[in-house]
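Data block below; observations after.
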Amino acid sequence: MSKKVKTKWGIEGDVKDVEVSIADDDVEPWGYDAKLAVVGGRHRRPGGDLIVTGRAKYTFDVNLPGMLWGKILRSPHAHAAVRRIDLSKAKAVAGVKAALARVQVGGHVHYAGQEVAAVAAESEEIAAEAARKIEVDYDVLPHAVTCEDAMKDGAPKVLENVENVSGGRRPERERGDVEGALKSSDATVEATYSTQVQMHSAMESHGVVVRWDSDAQMTCWASTQGTDAVRGQLAQYFKLKRSNVRVITEFMGGGFGAKLGPGPFGVIAGELAREAGAPVKVMLDRAEEQTAAGSRPNSIQKVRAGMNKDMTLTAWDIDAHGTGGVGGGWGLRSPMIYNFKNVRTKFAQVLTNAGSSCAMRAPGHPESSFAVELAIDELAAKLGLDPLEVRRKNDDHPVRRREYVVGAEKIGWKNRPRTGSQTGRVRRGMGLASSRWGQMVSTGAEVNVVCYADGSVEVQSGAQDIGTGTRTVLAAVAAEEFGLKVADVKVSIGDTNFPSGPASGGSVTANSLAPAVRLACDALKKEIFVVAAEELGVKPAELACADGKVAPAKDPTRSITWKRACGLLGGEKMTRSGKRFENYKGYTEEIGGVQFAEVEVDTETGVIRPRRIVAVHDCGRIVNRNGAENQVAGGVIMGLSYALFEERRMDRATGAMVNPDFLGYKIAGPLDMPAIEPVLIEMANGRNNVGLYGLGEPPVIPTAGAIACAVLNAIGRPVRSLPMTPDKVLEALES
Amino acid sequence: MGKPRKEVSRRAFLKGAGAAGAGAALLGAGIAPPKGPPVLKKKNAVSFELNGKKVGVEVEPRVTLMNALRNHLDTTGPKNACDRGTCGACTVILDGKPILSCLMLAVDADGAKITTIEGLAEPGKLHPIQEAFLDADALQCGFCTSGMIVGCKSLLDANKTPKVDDVKAALAGHLCRCGTYPRIFDACLKAAERMK
């Protein structure tokens, strides 16, 4: 059943009166002129006090009575058959309580770092020592750890009985006449753009602590983005009832897409704990984390593109491939937001004997964005066109159109030098790039809201906070509804004992939960208004919550305190739940995001130094302003790190990853920071009763493209390969 | 060929490893190495002052200070993010100087005065640096935060009026994957202001 309500949605300069159809049980959405006391403000993170005092317990910190440490032995070979596994010497080490083999004799390992066996012991040190005493005999087989080697004629099969290359023979997509369009275009570019394998590199590695509470019941602390996913998969693996598996993630140290299940280490911990009759902690060390815990695939993109003097994007022909290691998962989103008139895309996935890829923050997007943005700027340069005008001509997304204007003003786009016009040693340039993301949501997500007799309030969700500030969003919405402050609301999350929340992926968490919080609060307010109305001698429909009081909206002087109203409910506490309905229509249904970069390039050393990055993004209703700005800047930093520093290096001869540590795999540090200016577009978007949407992924998408375009502007030459290291810059200058 | 290398017996090497190895690291940090007999026992009684309290553990020589704190004393504020001195997450203050606790053996901390993130605040109150981090929202997942705050504390102990470049240099060895560096710099400068 549905009802029609009137609301205002839009952005500054484009506000519309609209009528929307919402579910009968839903509350009216906050419109453009909604006066909100808490939502949209700046708040301290609930739970932040535990983090800054070192009292927050991450999975890595969980120490249980009698707990053992698990350690995994991993294959040193990129491809091998296992002939013998002997655990006896490991088991003989004093303090070892369990040991298992992960691969059967006769089985194969397919990448250096794959799990082969494991032990559990009384200390971390003993477990590591014992793991080294596990004896394994391998028949080493030929491997291929680069795309090139895996694609050669006669390349060794990466996996038994599977072709190394899939796809790429026929186009996925074909529209119009690409060849004809290229011939008749005013400018064309034909080039190969490449991006590297990127490691998630969260500061807390993957891991779990598993405790068997009985033969049929388990508690698992997990550093995860998906408490429900870990529960479901552990229950399935160990043949337990889901009701008998509890997963706890009170705090976790980053995921970025890699932590969406228990992983091999999770089931290994469960097996060891069962054998030992004691809880077992398995946390990957940094080398394991950088080798065997996921990555963003690379890409080699052969592009032929065309543009006309009038800025029409005439043709886009891409033939691309890349590797997701042994697990696949490769894909591109080329050509991103741009509607080229004639398009042909061909994509091939290549298996290699390397760790499997995992979804990484906006999978396929940063890699696609880099290539298409740079190609468009190369075309614009050939035609003497302003890249900003090219974007504006080819993009009718209402929010991005505003973002181009705002961003250009802030970066000072009118001061952008003509491409290739500089001659000094250090040359400055500006570039921009755009992004899109879907407004995805996990419908059916539920939350509980609890009012206690003393007026204290709690929001409960099984979902986790991976650093994005989920707690703040939940608290802010409840505080808004109840006329309280964020600090008055306790947020309990990350426990599958609470109602089911979404996995934190696709930028869905906040927007799946916040509207459900409003509904739970609404149900509680209905009860509170009944008892408060009786107390005040008015009708319940006249009442409202504000400033810690319950009072008639038209006469706030007659009031009782929130605390008193909760006491009138009777009983120790009252709990109501709210559920996330489907999205309805909105002002936009696609997330935007535009970034402008200003860089300096030292033409003697080849070093690129970003000076300023203006990142203009939208997230619908801004609920947690600090969190939103933090998220945008955080995405920019990961994006610039991807653009300039990071790369997994595989040794072709040994098949090993040569840089599984923070010395050789460089992520951006404090000395690498430009001035970063996050700008959020104020908007009321509709689509749900809060009107917010996700912001976790968009800010990482356009950064590399914007920087690459800025470099082209600065030195007049494209650097078409990520990371844009000094050697590549110098090579481009000499070309 | 030249003179043969002086033979070092394994026992002699192990005798000197604890004190000498950690000593070199400490000298690099400008701290005098601890005195006392070299340790050889499987379990060694180590005691030090931790956040104002005298504590003791019994550890093998190979246990790092980081793991003595985290695994033996349930002091999990300092984090294990790399275990080889490349990220700063395990930073503690030892005898007045910031050190990477993963690069120090517990046996070499005998007699030291150690402050971890847990020891910064007085009971019931937050340290101004902690307040500033919360006000500036200078964290996301929080795993790097202990190290960052301890790093800031060390800076402000030595320099009460830092500029942003001083903050960047002091924190240069601290990694944050969520990308909160600029907010951390702001928080540190804010704290310095408040602590004047």
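Within the set of pairs 6+ apart or on separate chains, which have a first residue in the range A:718-730 that is under 12 Å from residue A:192 (Cβ atoms), a second that is buried (at least 19 other Cβ atoms within 10 Å of the Cβ) and charged (D, E, K, R), and C-beta atoms under 6 Å apart?
A:718/A:378
Residue by residue through the range A:461-474, note down the ones that are within 14 Å of chain B (Cβ to nearest Cβ) and either surrounded by fewer than 24 Cβ atoms within 10 Å (Cβ to Cβ) or in a helix (DSSP H, G or I) (or both). Before you say what the answer is, go through the steps one by one.
At the first step, the residues of the range A:461-474 found to be within 14 Å of chain B (Cβ to nearest Cβ) are A:464-473.
A:470, A:471, A:472, A:473, listed by residue number.
Filter the range A:526-538 down to residues that are open to solvent by less than 30 Å² (accessible area, probe 1.4 Å) and closer than 16 Å to residue A:482 by Cα and give me whichever is farthest from the chain's Cα centre (by Cα).
Step by step, filter the range A:526-538, then rank; the result is A:533.
Being away from every other protein chain (no Cβ under 14 Å) and outside any loop (DSSP other than H, G, I, E, B) is the requirement here; does residue A:636 meet it? Before the answer, list the steps.
On the way: away from every other protein chain (no Cβ under 14 Å): no; outside any loop (DSSP other than H, G, I, E, B): yes.
In short, no.
Are any residues in the range A:475-509 closer than 21 Å to residue A:29 by Cβ, within 14 Å of another protein chain (Cβ to nearest Cβ) and either free of Cβ contacts under 8 Å to residues at least 12 places away in the same chain or among the β-branched types (Val, Ile, Thr) (or both), and if so, which ones?
Across the range A:475-509, the qualifying residue is only A:509.
Quick one: in the range A:657-669, of everything that is facing chain B (nearest Cβ under 8 Å) and within 22 Å of the chain's Cα centre (by Cα), which residue is surrounded by the fewest Cβ atoms within 10 Å (Cβ to Cβ)?
So the first thing to find is which residues in the range A:657-669 are facing chain B (nearest Cβ under 8 Å), and the list is A:661-663, A:667-669.
Those still in the list that are within 22 Å of the chain's Cα centre (by Cα) too: A:661-662, A:667-669.
Numbers: A:661: 19, A:662: 21, A:667: 21, A:668: 24, A:669: 21.
Checked the range A:657-669; the qualifying residue surrounded by the fewest Cβ atoms within 10 Å (Cβ to Cβ) is A:661.
Report, by residue number, each residue of the range A:88-124 that is among the acidic types (Asp, Glu), more than 22 Å from residue A:656 (Cα to Cα) and crowded, with 20+ Cβ neighbours inside 10 Å. Steps first, answer last, please.
Step one: list which residues in the range A:88-124 are among the acidic types (Asp, Glu), which gives A:115, A:122, A:124.
Still in the running and more than 22 Å from residue A:656 (Cα to Cα): A:122, A:124.
Hit for the range A:88-124 is A:124, nothing else.
Condition test on residue A:38, is it within 14 Å of chain B (Cβ to nearest Cβ) and either modelled with pLDDT of 95 or more or open to solvent by 20 Å² or more (accessible area, probe 1.4 Å) (or both)?
Values: within 14 Å of chain B (Cβ to nearest Cβ): no; either modelled with pLDDT of 95 or more or open to solvent by 20 Å² or more (accessible area, probe 1.4 Å) (or both): yes.
So residue A:38 fails the test.
Scan (1) β-branched (Val, Ile, Thr); (2) under 25 Å from residue A:469 (Cα atoms); (3) open to solvent by less than 10 Å² (accessible area, probe 1.4 Å) for the single condition residue A:575 breaks and write down its number.
Failed condition: (3).
From the residues in the range A:51-76 that are part of a loop (DSSP other than H, G, I, E, B) and surrounded by 24 or more Cβ atoms within 10 Å (Cβ to Cβ), which one is farthest from the other protein chains (Cβ to nearest Cβ)?
Narrowing the range A:51-76 to residues part of a loop (DSSP other than H, G, I, E, B): A:53-57, A:62-67, A:75-76.
Next, from what is left, pick out any that are surrounded by 24 or more Cβ atoms within 10 Å (Cβ to Cβ): A:54, A:75.
Values: A:54: 3, A:75: 21 Å.
Of everything passing the filter in the range A:51-76, A:75 is farthest from the other protein chains (Cβ to nearest Cβ).
Working carefully through the options B:113, B:97, B:79, B:125, find the one that is facing another protein chain (nearest Cβ under 10 Å) and of a type in the set (Lys, Arg).
B:79
Are there any pairs with C-beta distances below 9 angstrom linking a residue in the range A:541-566 that is more than 13 Å from residue A:531 (Cα to Cα) and basic (Lys, Arg) to a residue that is assigned to a loop (DSSP other than H, G, I, E, B) and open to solvent by 70 Å² or more (accessible area, probe 1.4 Å), with the two at least 6 apart or on different chains, and if so which?
Pairs found: A:549/A:556.
The rows are residues; the columns are (1) of a type outside the set (Gly, Ala, Ser); (2) not in a helix (DSSP H, G or I).
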residue	(1), (2)
B:66	yes, no
B:70	yes, no
B:74	yes, yes
B:77	no, yes
B:81	no, yes
B:88	no, yes
B:99	yes, yes
B:107	yes, no
B:114	yes, yes
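Cβ-Cβ distance below 6 Å, separation of 6 or more or different chains: which pairs start in the range A:278-299 with a residue that is more than 14 Å from every other protein chain (Cβ to nearest Cβ) and within 18 Å of residue A:723 (Cα to Cα) and end on one that is among the hydrophobic types (A, V, I, L, M, F, W, C) and open to solvent by 20 Å² or more (accessible area, probe 1.4 Å)?
A:297/A:330
So which residues in the range B:171-196 are in a helix (DSSP H, G or I) and more than 7 Å from chain A (Cβ to nearest Cβ)?
Of all residues in the range B:171-196, those in a helix (DSSP H, G or I) come to B:181-195.
Passing the criteria: B:184, B:185, B:186, B:187, B:188, B:189, B:190, B:191, B:192, B:193, B:194, B:195.
Please go through the range A:611-633 and give me each residue that is assigned to a strand (DSSP E or B) and either free of Cβ contacts under 8 Å to residues at least 60 places away in the same chain or buried (at least 24 other Cβ atoms within 10 Å of the Cβ) (or both), ordered by number.
Let us first name the residues in the range A:611-633 that are assigned to a strand (DSSP E or B), namely A:611-617, A:620.
A:613, A:614, A:615, A:616, A:617, A:620 - these are the residues of the range A:611-633 that are assigned to a strand (DSSP E or B) and either free of Cβ contacts under 8 Å to residues at least 60 places away in the same chain or buried (at least 24 other Cβ atoms within 10 Å of the Cβ) (or both).
If I go through the range B:152-175 residue by residue, how many of them are open to solvent by 10 Å² or more (accessible area, probe 1.4 Å) and closer than 21 Å to residue B:84 by Cβ?
6
Among the numbered criteria (1) more than 14 Å from chain B (Cβ to nearest Cβ); (2) open to solvent by less than 30 Å² (accessible area, probe 1.4 Å); (3) outside any loop (DSSP other than H, G, I, E, B), which one does residue A:17 miss?
(2)
Restricting attention to the range A:508-543, which residues are on the phi < 0 side of the Ramachandran plot and part of a loop (DSSP other than H, G, I, E, B)?
Start the filter on the range A:508-543 by keeping residues that are on the phi < 0 side of the Ramachandran plot, which leaves A:508-536, A:538-543.
A:508, A:538, A:539 - these are the residues of the range A:508-543 that are on the phi < 0 side of the Ramachandran plot and part of a loop (DSSP other than H, G, I, E, B).
One line per residue, one yes/no per condition, for (1) open to solvent by 10 Å² or more (accessible area, probe 1.4 Å); (2) closer than 25 Å to residue A:586 by Cβ; (3) within 24 Å of the chain's Cα centre (by Cα); (4) free of Cβ contacts under 8 Å to residues at least 40 places away in the same chain:
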site	(1), (2), (3), (4)
A:366	no, no, yes, no
A:370	no, no, yes, no
A:385	yes, no, no, no
A:392	yes, yes, no, yes
A:406	yes, yes, no, no
A:410	yes, no, no, no
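Please go through the range A:325-335 and pick out each residue that is open to solvent by 20 Å² or more (accessible area, probe 1.4 Å) and either closer than 21 Å to residue A:170 by Cα or not in a loop (DSSP other than H, G, I, E, B) (or both).
Of the range A:325-335, the ones open to solvent by 20 Å² or more (accessible area, probe 1.4 Å) are A:326-327, A:329-331, A:333.
Within the range A:325-335, A:329, A:330, A:331, A:333 qualify.
What tally of residues in the range B:136-163 results from selecting those that are away from every other protein chain (no Cβ under 11 Å) and either assigned to a loop (DSSP other than H, G, I, E, B) or not hydrophobic (A, V, I, L, M, F, W, C) (or both)?
Adding up the residues that qualify gives 8.
Checking the conditions here, which among A:126, A:134 is over 27 Å from the mean Cα position of the chain (by Cα), closer than 30 Å to residue B:76 by Cβ and more than 14 Å from chain B (Cβ to nearest Cβ)? Walk me through how you get there before you give the answer.
Numbers: A:126 fails: more than 14 Å from chain B (Cβ to nearest Cβ).
On inspection, the qualifying residue turns out to be A:134.
Do you know which residues across the range A:298-324 are within 19 Å of residue A:362 (Cβ to Cβ) and assigned to a loop (DSSP other than H, G, I, E, B)? Let's see the steps before the verdict.
Let us first name the residues in the range A:298-324 that are within 19 Å of residue A:362 (Cβ to Cβ), namely A:298-299, A:301, A:318, A:320, A:322-324.
Selection gives A:298, A:324.
Looking only at the range A:346-362, count every residue that is under 19 Å from residue A:696 (Cα atoms) and in contact with an Asp or Glu (Cβ under 9 Å, 6 or more places away or on another chain) and tell me the total. Before the answer, list the steps.
Initially, the range A:346-362 is screened for residues under 19 Å from residue A:696 (Cα atoms), giving A:358-362.
With in contact with an Asp or Glu (Cβ under 9 Å, 6 or more places away or on another chain) added as a condition, the list becomes A:361-362.
Final tally of qualifying residues: 2.
Please tell me if residue A:315 is open to solvent by less than 10 Å² (accessible area, probe 1.4 Å) and closer than 15 Å to residue A:374 by Cβ. Before you say what the answer is, go through the steps one by one.
Values: open to solvent by less than 10 Å² (accessible area, probe 1.4 Å): yes; closer than 15 Å to residue A:374 by Cβ: no.
Taking the combined requirement at face value, the residue does not satisfy it.
Look through A:691, A:705, A:686, A:716 and report the one residue that is open to solvent by 10 Å² or more (accessible area, probe 1.4 Å) and out of contact with any Leu (no Cβ under 6 Å at 6 or more places or on another chain). Break it down into steps so the answer makes sense when it comes.
Values: A:691 fails: open to solvent by 10 Å² or more (accessible area, probe 1.4 Å); A:705 fails: open to solvent by 10 Å² or more (accessible area, probe 1.4 Å); A:686 fails: open to solvent by 10 Å² or more (accessible area, probe 1.4 Å).
Exactly one of A:691, A:705, A:686, A:716 is open to solvent by 10 Å² or more (accessible area, probe 1.4 Å) and out of contact with any Leu (no Cβ under 6 Å at 6 or more places or on another chain), namely A:716.
The values are calculated or read from the model by the stated rules, or taken from the named source; none is laboratory data. The shown structure was predicted, so the numbers you read here are calculated from the model rather than taken from an experiment. Backbone-built Cβ (ideal geometry, glycine too); neighbour counts: all protein chains shown. With ligands, DNA and RNA removed, areas are computed over all heavy atoms of the protein, side chains included. Shrake-Rupley method; radii C 1.70, N 1.55, O 1.52, S 1.80 Å.
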